[in-house]
Amino acid sequence: MKRKKSWSELSPTQRRLVVLGAAVQVTLQGAALRDLRRRTPAEVKGPKWAWTCATFVNTVGPCAYFLFGRRGGLPALD
């Protein structure tokens, strides 16, 4: 079994990919949480609290919310 590399052992390309992956995750999660906050419960498939929790599951949670958790189009802006 391979041992995990520390940050200092990663190549510059690997470090960039890790930072890029983290940025994608944070951006997707922020967008999903913002969209959830703006939608009414009728505009969300299932409980909003469950989708909020799901957004914290790596990149899969926010993607699942955007693909399967929303009804209709864009939320109403207040």
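Computed from the coordinates by the stated procedures, all read-outs in this text should not be read as laboratory data. Model, not experiment: these values are computed from the prediction. Every residue, glycine as well, gets a Cβ built from its backbone with ideal geometry; the counts of neighbours run over all protein chains shown.
Quick notes on this one:
- Screening M1 with (1) out of contact with any Leu (no Cβ under 8 Å at 6 or more places or on another chain); (2) of a type in the set (A, V, I, L, M); (3) part of a helix (DSSP H, G or I) gives one miss only, at (3).
- For the range 40-70, a tally of residues being assigned to a loop (DSSP other than H, G, I, E, B), among the polar types (S, T, N, Q) and on the phi < 0 side of the Ramachandran plot returns 3.
- Qualifying residue in the range 31-38 (condition: assigned to a helix (DSSP H, G or I), touching a strand residue (DSSP E or B) at 6+ places or on another chain (Cβ under 9 Å) and of a type in the set (A, V, I, L, M, F, W, C)): yes
One line per residue, one yes/no per condition, for (1) loosely packed, with under 12 Cβ neighbours inside 10 Å; (2) of a type in the set (G, A, S); (3) free of Cβ contacts under 8 Å to residues at least 40 places away in the same chain:
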position	(1), (2), (3)
R15	no, no, yes
A31	no, yes, yes
R34	yes, no, yes
V44	no, no, yes
C53	yes, no, yes
T59	no, no, yes
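- Taking the conditions (1) free of Cβ contacts under 8 Å to residues at least 12 places away in the same chain; (2) among the hydrophobic types (A, V, I, L, M, F, W, C); (3) surrounded by 11 or more Cβ atoms within 10 Å (Cβ to Cβ) in turn, A23 satisfies each one other than (3).
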